[in-house]
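> The structure's right below; bear with me while I get my questions together.
The values are calculated or read from the model by the stated rules, or taken from the named source; none is laboratory data. Being a predicted model, the structure only gives us computed values, none of them experimental. Note that we place each Cβ from the backbone using ideal geometry, even for glycine, and neighbour counts take in every protein chain shown. Surface accessibility is based on the protein's heavy atoms, side chains included, excluding ligands, DNA and RNA. Shrake-Rupley method; radii C 1.70, N 1.55, O 1.52, S 1.80 Å.
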Amino acid sequence: MDIKVTKFGGSSLSDAAQFRKVRAIVAADPARRYVIPSAPGKRGKHDHKVTDLLYKCHALAQEQRSITEVFGLVRERYLSICTELGLTLDLNSELAEIEAQIQAGASADYTASRGEYLNGKILAAYLDFAFVDAATVIFFDAEGRFDAEKTQNVLSQELSRYPQAVIPGFYGSTPDGRIRTFSRGGSDITGAIVARGVNATLYENWTDVSGFLMADPRIVKNPKPIKEITYRELRELAYMGASVLHEEAIFPVREAKIPINIKNTNDPDAPGTLIVNDNGNLRTPGSITGIAGLKGFTIIAIEKTLMHSELGFGRKLLSVIEDHGISFEHMPSGIDTISLVIADSQLNNKLEKVLTDINRVCKPDAIEVFHDIALIATVGIGMAYTPGIAAKLFTALAEGGINVRMIDQGSSEINIIVGIENKDFEEAMRRIYHAFVPSETAPR
Ligand code: ASP
């Protein structure tokens, strides 16, 4: 029988009305047997996420200040959901206990995890599913790293006892019984781990958008939705800033070849985006899957005659930036040149010192620095082995009078990255999009 693991994000469970939508979605398909909730998210622009309120409580408690007022908002949120849903579940004593623990100095991880824990209790009662505390099935090792092996063993065994269950997202426990959370947005990871643990046929990730769009809608008007994308394409786009899903959520399901469907709780009939195995269906040759980009990079261009025959040149260069604790994004090279593309956030105020050290260690003929660089990635397995893709992309940029400072094509041919000036970023995105997506479906 099919098993679907169904994760609902904070906006899908922000109030009683959203809970009703969630119950209708779960009830519509008996394969939706394991449900992972986030903590309640914002109900509107000016509202608070429960997780943020809990972190605030923790910070107040650390300063020995009272959490009564802020925790009151948390209490009120859960109690109103219970009342409006007509649940008999009484959370009062549990809320009092949690408040006391936080005030007494409980850890940040314990404090934040209670958002998912309490929401899980409510959802389990409302769906009439079993409640399985994530602390009993998701494990971290003594160093705080996720323990995949132990989790897989315990989780699959434990969940096989329940035909249907709610497992709160975001946290697990360490060998000494302490609560530990994943990084922010980590309920996506829990969902993926559970999907893998029960060998699900599908991991559904319900949020407030109907999947991924081919480009950022704040820049490109009405971009088309992405119906299907491979894990690899998604990695490329996510790396360049397109985000709907926690980056680390891909790995557990990718390994087990379980597809992910991103769906919209507020529009359940929309197909959303299906994330499939890397050798998924072939695309129309020459088509692209999506475009993403980021501003705020610096290029350090180094020139030295006969660089290519100097043994260890690359190593010396990279050791300089490593010594400064800097990681680089790309390293395109020419005959006697090599460039490092580095995020400004990495460089901070270290540029002058880095340049001095490159001069000292590598003894280049010249170094040039280009500031205010943006990167745009055009991604798609449909691009591989197709002549004319680069011509199309660069013609589109040339027609816009946009100068390309850097080009990098991954060896798999599913990604072409261009470096341009920050000021050309939006126009370049639009031009690339319209070069590849027929205009009748993408009005400008
Ligand atoms: N509630 C947590 C957060 O806001 C985890 C999650 O929603 O996935 O980061």
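> Can you pull out the helices (runs of 4 or more DSSP H) entirely within region 1-104 that have at least 1 residues that are hydroxyl-bearing (Ser, Thr, Tyr)?
Helices (runs of 4 or more DSSP H) meeting the threshold: 50-62, 68-85, 92-103.
> Give me the pairs, please: first residue somewhere in region 180-191 and open to solvent by less than 10 Å² (accessible area, probe 1.4 Å) and among the small types (Gly, Ala, Ser), second residue anywhere and near the ligand (Cβ under 6 Å from one of its atoms) and at pLDDT below 95, beta-carbon distance under 6 Å, and either six or more positions apart or on two chains.
Taking only residues 6 or more apart or on different chains, not a single pair turns up.
> Could you list, in sequence order, all residues of region 225-234 that are within 21 Å of residue 417 (Cα to Cα) and either surrounded by fewer than 18 Cβ atoms within 10 Å (Cβ to Cβ) or of a type in the set (A, V, I, L, M) (or both)? Quick ask: steps written out before the conclusion?
Step one: filter region 225-234 for residues within 21 Å of residue 417 (Cα to Cα), giving 226, 229-234.
Across region 225-234, the qualifying residues are 226, 229, 234.
> Find the residue count for region 33-64, including only residues that are of a type outside the set (Gly, Ala, Ser), open to solvent by less than 80 Å² (accessible area, probe 1.4 Å), free of Cβ contacts under 8 Å to residues at least 60 places away in the same chain and more than 11 Å from the ligand (Cβ to nearest atom).
The number of residues fulfilling the criteria is 4.
> Is it the case that residue 152 is open to solvent by 30 Å² or more (accessible area, probe 1.4 Å), away from the ligand (no atom under 16 Å from the Cβ) and free of Cβ contacts under 8 Å to residues at least 24 places away in the same chain? Spell out the reasoning first.
Values: open to solvent by 30 Å² or more (accessible area, probe 1.4 Å): yes; away from the ligand (no atom under 16 Å from the Cβ): yes; free of Cβ contacts under 8 Å to residues at least 24 places away in the same chain: no.
Taking the combined requirement at face value, the residue does not satisfy it.
> If you take just the helices (runs of 4 or more DSSP H) that sit entirely in region 250-347, which of them hold at least 1 residues that are among the basic types (Lys, Arg), free of Cβ contacts under 8 Å to residues at least 40 places away in the same chain and open to solvent by 20 Å² or more (accessible area, probe 1.4 Å)?
Numbers: elements: 250-255, 313-323, 344-347.
Per the criteria, 250-255, 313-323.
> Among the numbered criteria (1) on the phi > 0 side of the Ramachandran plot; (2) modelled with pLDDT of 95 or more; (3) open to solvent by less than 60 Å² (accessible area, probe 1.4 Å), which one does residue 144 miss?
Answer for residue 144: the failing condition is (2).
> Could I ask something else about it? Test residue 17 against the stated conditions and say whether it is open to solvent by 30 Å² or more (accessible area, probe 1.4 Å) and more than 16 Å from the ligand (Cβ to nearest atom).
On the way: open to solvent by 30 Å² or more (accessible area, probe 1.4 Å): yes; more than 16 Å from the ligand (Cβ to nearest atom): yes.
Answer is yes for this residue.
> Checking the condition within 16 Å of the ligand (Cβ to nearest atom), open to solvent by less than 30 Å² (accessible area, probe 1.4 Å) and modelled with pLDDT of 95 or more, which residue from 106, 135 passes?
135
> Another question about this same structure. Quick check on my filter: what residues within region 109-132 are closer than 11 Å to residue 82 by Cα and not in a helix (DSSP H, G or I)?
none
> I'd like the residue in region 393-407 that is in contact (Cβ under 8 Å) with a residue 40 or more places away in the chain and surrounded by 17 or more Cβ atoms within 10 Å (Cβ to Cβ) and, out of all such residues, is farthest from residue 333 (Cα to Cα). Please lay out each step first, then the result.
Of the residues in region 393-407, the ones in contact (Cβ under 8 Å) with a residue 40 or more places away in the chain are 393, 395, 405-407.
Retained after the next criterion (residues that are surrounded by 17 or more Cβ atoms within 10 Å (Cβ to Cβ)): 393, 405-406.
Values: 393: 21, 405: 12, 406: 10 Å.
Step by step, filter region 393-407, then rank; the result is 393.
> Regarding residue 173, is this residue in contact with a His (Cβ under 8 Å, 6 or more places away or on another chain) and either within 16 Å of the ligand (Cβ to nearest atom) or not acidic (Asp, Glu) (or both)? Walk me through it before giving the result.
Working: in contact with a His (Cβ under 8 Å, 6 or more places away or on another chain): no; either within 16 Å of the ligand (Cβ to nearest atom) or not acidic (Asp, Glu) (or both): yes.
No, not satisfied.
> Yes or no: residue 7 within 16 Å of the ligand (Cβ to nearest atom) and without any contact (Cβ under 8 Å) to a residue 40 or more places away in the chain? Before the answer, list the steps.
On the way: within 16 Å of the ligand (Cβ to nearest atom): yes; without any contact (Cβ under 8 Å) to a residue 40 or more places away in the chain: no.
Taking the combined requirement at face value, the residue does not satisfy it.
> In region 84-103, which residues are of a type outside the set (A, V, I, L, M) and either touching a residue at least 60 places away in the same chain (Cβ under 8 Å) or within 16 Å of the ligand (Cβ to nearest atom) (or both)? Reasoning before the result, please.
Filtering region 84-103 for residues of a type outside the set (A, V, I, L, M) gives 84, 86, 88, 90, 92-94, 97, 99, 101, 103.
The one that is of a type outside the set (A, V, I, L, M) and either touching a residue at least 60 places away in the same chain (Cβ under 8 Å) or within 16 Å of the ligand (Cβ to nearest atom) (or both): 84.
> Among the numbered criteria (1) within 16 Å of the ligand (Cβ to nearest atom); (2) over 15 Å from the mean Cα position of the chain (by Cα), which one does residue 226 miss?
Here residue 226 meets the rest and fails (1).
> Right, here's the next one. May I ask you to say which residue of 201, 181 is within 16 Å of the ligand (Cβ to nearest atom), in contact with an Asp or Glu (Cβ under 7 Å, 6 or more places away or on another chain) and of a type in the set (S, T, N, Q)? Break it down stepwise before answering.
On the way: 201 fails: within 16 Å of the ligand (Cβ to nearest atom).
The conditions single out 181.
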